[in-house]
Amino acid sequence: MEYQINGDQPKIIGKKCGGLYLIQQQEGESVTDPANTIYLKFDSAWSKLCFNGSTIFWRHEAPSEPVNDNIGICLVLVNLCDLDGVVGSELMKIQYSGNDEVVSAQFNFSSGKSLKFIHNCYDDFTAVNY
């Protein structure tokens, strides 16, 4: 299985990251989906990145705080706008990859830091490597 991209990757290569938010899914006291939805800000415009199966979705959309009606399973907005080496650094490259089990998007920054979002296609969760 190869990955597919739905939507247009925003023109963010060579631009400075101005913000990073994640929407996490929590069940009880456990984080079951660390990066359900990813929001990245470049040139004061927000872009949304998310995964479903082997598809990587890009949308032009600003983050909003999720509304929950159940405390047992809920979505939480995580503000990572002070993440060292990402926010304030220039995005050098995005690399996508995929196989039968996972699809990923890796963001490489001018600071030498990278953020890799790894989506498990079968268990439907996205991990973050920093």
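Between S111 and residues 5 or more places away or on another chain, which pairs have amide H atoms under 5 Å apart, with H built 1.01 Å from N, and which residues are they? Under 5 Å from the amide H of S111: E90. When the chain is treated as a GNM with alpha-carbon contacts under 10 Å, the residue of C17, C74, C50 showing the greatest mean-square fluctuation is C74.
Can you list the lysines whose alpha carbon is less than 18 Å from that of K113, not counting same-chain residues fewer than 8 positions off? Within the straight-line cut-off, K113 pairs with K15, K16, K41, K93.
Taking a ≥ b ≥ c as the square roots of the eigenvalues of the Cα gyration tensor, the chain is oblate, since a/c reaches 1.5 or more and a/b is not larger than b/c. Distance from the alpha carbon centroid of segment 1-53 to that of segment 95-125 works out to 11 angstrom.
Every read-out reported here was derived from the displayed coordinates using simple, explicitly stated rules and does not represent laboratory data. This one's a predicted model, so the numbers in the text were calculated from it and none came from an experiment.
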